[in-house]
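Values in this text are rule-based calculations from the coordinates and carry no lab data. The model shown is predicted, which means the values in this text are computed figures rather than measured ones. When we count neighbours, we look across all protein chains shown, and the Cβ atoms used for this are built from the backbone with ideal geometry, even at glycine.
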Amino acid sequence: MSDRFEPVIIGFTCNWCSYRAADAAGMGRMKYPPNIRLIRLMCSGRIDPTFVLKALAEGADGVLISGCHPGDCHYLEQNYKALRRHRLLQRTLAQLGIEPERVRLTWASAAEGAQLAETMTAFVEEVRALGPLAWPARPRPAAVAELHEAAAEATP
Amino acid sequence: MQRITIDPMTRLEGHGKIEIFLDEAGNVANSYLQVPELRGFERFCVGRPVEEMPNLTSRICGVCPEAHHMAAAKAADAVYGVVPPPAGRKLRELLYSAFFFADHTTHFYILGGPDFIMGPEAPVAERNILGVIRKVGAEVGGRVIQARHFGHATVEILGGRKVHPCTSVPGGVTKGLTEEERVEIERMGRWAVEFARGSLELFSTAVLGNPEYREALMGDTYSHRTYYIGLVDAAHRVNFYDGRVSVVSPEGERLGTYAPHEYTDWIAERVEPWSYLKFPYLKKVGWKGFVDGPDSGVYMATPLSRLNAADGMATPLAQAEYERFYEAMGGKPVHQRLAIHWARLIELLYAAERWVELATDPEITSPDIRVVPSARPTEGVGIVEAPRGTLTHHYRTDDRGLLTMVNLVVGTTNNGAAMSLSINKAARTLIQPRTPVDEGLLNRIEMAYRAYDPCLGCATHALPGRVALQVSIRDARGEVLQVLRSAPPGPSPAPACRAP
Amino acid sequence: MKPKFAMYWAASCGGCEIAVLNTDAKVLDLDAHFDVAFWPAAMDAKYRDVEAMADGSLLVTLFNGGIRTEENEHMARLLRRKSQVLVAFGACATEGGIPGLANLSSLESAMDAAYAGPSTVNPGDTRPVTAWQAPEGELRLPRLEPVLRTLDQVVPVDYYMPGCPPEAHQIAAVVDLLVQVVEGKASLPPPGSVIGAGDSTVCDECPRERNVKNITRLARVQEMVAIDPRVCLLEQGLLCSGPATRSGCRARCPQVSAPCIGCYGAAPGALDQGARLMAALASVMAGKEPEAVDRVLDGIPDPAGTFYRFGLAHSLLRSGTAAWKAEA
């Protein structure tokens, strides 16, 4: 085990193109780094900026979003939403002091397993070079139900 | 040294505490008004688009959001070098007059007034608006509620909401008035005039007619001879929305008037290590410490200051009250701080009369309420009178209109030094050796600041940052031998040391 | 014996207090059914009076304002102990509000802004300190925390009442509910609920006409030559936060041709109000390649300040790095 920083990256992939591409890479034994944990959505247009922000806030160092090429979206035009949300996120993250390069958008068709594997490998190295994001954990006081249970037990 | 702490200050806006130190004999050695709150508007507004400022800065204070809203709108106008059309300007001033009416009503009946109506040493449970309503009865109490309701309803029609209006933008306002709305606003304004007259009568009976209160009001305990400032129109009459700032001396001589962009020639702010509140003073006179008099730059900005700094009121009923006031108090300027309550009610009447004047202005229903700025945005200053004092917003922007610098000198901030003087004097007068210091007596000391109608959230919009611990080592004479400071990371001044 | 009521302000503006007073005669109902035990805005009980109360002796406390200083945190914990029901009241306590925007910058830079501005004369670079030795004794000021927090990031919270401030008609409805609860005629909703607000978005309450949207340009409000009073503001190119904001306010701002600024907090189900608004905007704007998208988005000069105007402190990230990252 090396002491090298191993980025944690969440990869949101769309069911119709990029997830199949990742699958194809796996079946073709094309290596891509274990740093990327894949989450499959039906469409890249399903990407809510909330998913990206939650990932970054809860331990991810980078997020990869992968969808069908423009014009090839299984649901016709929804990947354009992914494009717009990605641009919005990047502009906002920059103001929050987070490098926009930590959130990457890529297009991949189901046949492009090798290219996707390369993209993912390269992205892991880019995030490694940026360093850990190490976002502070959210303060979570005890749930209010616990508080009232404790108070009820304490009362004679 | 024995210490008495009043924490928190109550029946005002914002956070404050008072520390009173007694020497061995039981006399007051000194007192400190400390403001322990900050949020940081002057920093976090930087980077925001200037048109957001009427909405962002209104959150400096929810008691006087309209004041910040208007100062911000005027500063944003100045940033763009744009002049709203007459109807736009009048709509803003109409909203502002109704707001002033509601706010002064709130202060007199809810914040400051209970001290007079219930008595300064009434039990805590009764010495508040709820006690007042129980005492004066449902009918009178109902009128107070109605007065606030009319003022806020008018603000809501013109500004969209009762608290934090949203209609002022650079170049004018987004909402005009229909004739139906105008009729309703006029009706409420006329009722407001009668309510204000009734309030002055109530003051006359309940305060001036009570020998103990009359003595407190006219006597020396709560009196300081300071400079006074306030906005005046071209005829040197009080105006809340626009004009030049008039500055008069403790003897009543006018030093001059200044336009908004000239404020830094007149006003400077001083920092003390024991409060987050800064202390403005008149530059031309200079800072001489927490003292009053013509040689000290300490000044006051309150309703009383505005009356002192002006030559009269711009509406007839208020003008008659203005004359009656100065005759009763023995001339101009008036220095007794409890008289601020009286001056506030004269302004209540002016606000209501101005409300009706504007509501019946032929241009008020014009659809020509806004112009689109065309010049490149740069820098601007906007000044209005907040109920608590002169309010200055100064902005610099980049050429997209995003703020690069925000400087605010806020109503109550003007009065930091004057309030400190008032509290100190009240404490020294009321606390004597062997005086039992009970809750009622401490409330009488609090009355010294309550007259100013402080808005400490306004006053401490600023955020100083990670604070350093500073220890001063003094000899028996109180001379500083050494100052040790633990500084935050980054550049910091070298600690001051002096060998014994 | 009437049950006890308290209202307290932390890093706030007092607007929530004024909003309660704006319920007009409803305040008298409050007085009739409750003993107002602590409310610094309106009556004279002091901190020592709260400390002397038995734990749980306050039936309900409305706590507004964000947690900015150690004093704010102390009062949040104190009032949590003394209260059976603690309500995060208003935008600052529920989601950080406007003061939460301070989380985009550092305390360091704020010190320079406050104590070195154009009207400040401070040749000795004096700064306020948390403990200072006056000739007569020590004077203390509370320490400022680097990041502003919401109430529920400090103590458990029973209910959330959003709004900046909550609208008077909503406060009146909640007072009515509390009175009914005290009289045994109603029960409180499940702990953790949002009260005094709606279940949808501001768009649902807005009377403006809505059409299929394909926004090609976003303008600043002062750039609009005319604002059509009947049509959705977002469609006209004004970035309105309505789609991401909880209902309950009756959409007052859009009705006076001012875009919604999001003061009622995240729409139901949204974990992050800014993210929700970004998602919504992306769905209704034009642009199928990066350049076209950028052209539209260039109409938002301050994305963080716009999307997170009220909700930054409660958002998923809560603050920018400038506020919490130690200096290198």
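Here are some notes:
- Extents of the range C:198-297, taken as max minus min of Cα coordinates on every principal axis and listed largest first, are 38, 32, 22 Å.
- Between helix A:78-95 and chain A: long-axis angle, C-alpha atoms, 0 to 90°, nearest 10: 60 degrees
- Under the span-like rule (Cα at least 27 Å along the axis, Kyte-Doolittle mean at least 0.5), DSSP H helices of chain B: B:129-159, B:339-359
- Among the listed pairs B:Lys425/C:Lys46; B:Lys17/B:Lys284; B:Lys90/B:Lys332, those with a Cα-Cα distance over 27 Å are B:Lys17/B:Lys284; B:Lys90/B:Lys332.
- Interchain or long-range residues, amide H under 5 Å from C:Gly192's placed H: C:Tyr159
- Amide H contacts under 5 Å for A:Gly62, placed H, 5+ residues apart: A:Val8, A:Ile10
- Extreme residue, positive dipole direction of the range A:9-154, given options A:Ala55, A:Asn35, A:Gly11 (C-beta unit charges): A:Gly11
- Taking the Cα centre of the protein assembly as shown as reference, the dipole from Cβ charges on Lys and Arg (+1) and Asp and Glu (-1) amounts to some 1280 debye.
- Relative contact order (%) - criterion: Cα under 8 Å, at least six apart; region: chain A: 32 percent
- Virtual spin-label span in nm between A:Arg29 and B:Ala138, 7 Å along Cα→Cβ: 9.1 nm
- Relative contact order, whole percent, for chain C stands at 19, derived from Cα pairs under 8 Å and 6 or more residues apart.
- Take the Kirkwood radius over Cα pairs of chain C, plug it into Stokes-Einstein at 20 °C and 1.002 mPa s, and you get 99 µm²/s for translational diffusion.
- Sequence ranges A:75-88, C:57-70, C:210-223, ranked by mean other-Cβ count within 10 angstrom, highest first: C:57-70, A:75-88, C:210-223
- Residue among C:Leu79, C:Ala110, C:Thr120 farthest towards the positive dipole end of the range C:62-150, charges placed on Cβ: C:Leu79
- Listed residues A:Arg29, A:Arg20, A:Arg138, most fluctuating in chain A (Gaussian network, C-alpha, under 10 Å): A:Arg138
- Cross-link reach list, lysines versus C:Lys288, counting only Cα pairs under 22 Å and skipping chain neighbours closer than eight places: A:Lys81, C:Lys213
- C-alpha long axis of helix A:144-154 to longest principal axis of chain A, angle in °: 20 degrees
- With Cα atoms, 0 to 90° folded angle of helix A:18-27 axis to chain A main axis: 80 degrees
- Cα-centred dipole magnitude for the range C:185-260, charges only on beta-carbon of K, R (+1) and D, E (-1), debye, nearest 20: 100 debye
- Residues B:Leu208 and A:Ala94, FRET efficiency given R0 of 56 Å [Cβ-Cβ distance, rounded to 0.05]: 0.35
- 10 Å Cβ neighbours from other chains, averaged over peptide C:63-70: 2
- Alpha-carbon geometry of the protein assembly as shown: the Rg and the Dmax are 28.9, 100 Å, given in that order.
- The helix-based estimate of mean residue ellipticity at 222 nm for chain C, built from -39,500 (n - 2.57) per DSSP H run of four or more residues and divided by its residue count, is -8000 deg cm²/dmol to the nearest 500.
- Calculated diffusion of chain B, Stokes-Einstein form, Kirkwood radius summed over Cα pairs, 25 °C and 0.890 mPa s, µm²/s: 105 µm²/s
- Sequence-separation-based contact order of the range B:18-91, relative, with Cα cut under 8 Å and 6+ spacing, percent: 17 percent
- Share antiparallel - DSSP beta bridges, chain B, percent rounded to 5: 95 percent
- Based on Cα atoms of the range A:4-62, Rg over Rh with Rh as the Kirkwood radius reads 1.00.
- Eligible aspartates and glutamates near C:Lys4 by straight Cα distance, threshold 20 Å, same-chain separation 8 or greater: B:Glu126, C:Glu17, C:Asp29, C:Asp31, C:Asp35, C:Asp44, C:Asp49, C:Glu51, C:Asp55, C:Asp158, C:Asp176, C:Glu183
- Scanning residues 5 or more positions from B:Val169 or on other chains, those with amide H under 5 Å from its amide H are B:Thr174, with H placed 1.01 Å from N in the peptide plane.
- Each principal axis of the range A:9-154 carries a Cα extent, and these read 64, 35, 33 Å when sorted largest first.
- Within a Gaussian network of chain C (alpha carbon springs, distance under 10 Å), most fluctuating of C:Ser257, C:Ser283, C:Ser241: C:Ser283
- MRE, 222 nm, helices only [DSSP H, n ≥ 4, -39500 (n - 2.57), over chain A, to nearest 500]: -13500 deg cm²/dmol
- Site pair B:Arg3 and B:Arg254 shows an inter-label distance of 4.7 nm when each label is modelled 7 Å from Cα along Cα→Cβ.
- Partner shielding of C:32-42 amounts to 4, given as the average count of beta-carbon atoms from other chains within 10 Å of each residue beta-carbon.
- Packing-based order for C:108-121, B:300-313, using average beta carbon neighbours within 10 Å, highest first: B:300-313, C:108-121
- Dipole magnitude of chain A, debye to nearest 20 (Cβ charges: Lys/Arg +1, Asp/Glu -1, about Cα centre): 380 debye
- Take each residue in C:3-13, count the other chain C-beta atoms within 10 Å of its C-beta, and the mean is 4.
- Beta bridges per DSSP, both residues in the protein assembly as shown: antiparallel share near 60 percent.
- Calculated FRET efficiency, C:Asp294 to A:Leu130, Cβ-Cβ distance, R0 = 22 Å: about 0.45 to the nearest 0.05.
- P(r) weight above 18 Å for the range B:86-209, C-alpha pairs, percent: 56 percent
- Projected label distance in nm at A:Ala150 and A:Ala122, using a 7 Å step from Cα toward the beta-carbon: 5.3 nm
- Whole-Hz ³J(HN,Hα) from phi, Karplus 6.51 cos²θ - 1.76 cosθ + 1.60, for the range B:297-308, glycine and proline x: x, 5, 9, 10, 9, 8, x, 5, 4, 4, 5, 5
- As a calculated quantity, the FRET efficiency between C:Leu188 and A:Met42 at R0 = 45 Å, using C-beta atoms, amounts to about 0.70.
- DSSP-defined antiparallel bridges as percent of all bridges, the range A:9-154, nearest 5: 5 percent
- Radius of gyration, Dmax [the range C:44-154; alpha carbons; angstrom]: 17.1, 51
- The protection proxy used here, the mean number of other Cβ atoms lying within 10 Å of each residue, ranks peptides B:233-241, A:101-109 as follows, highest first: A:101-109, B:233-241.
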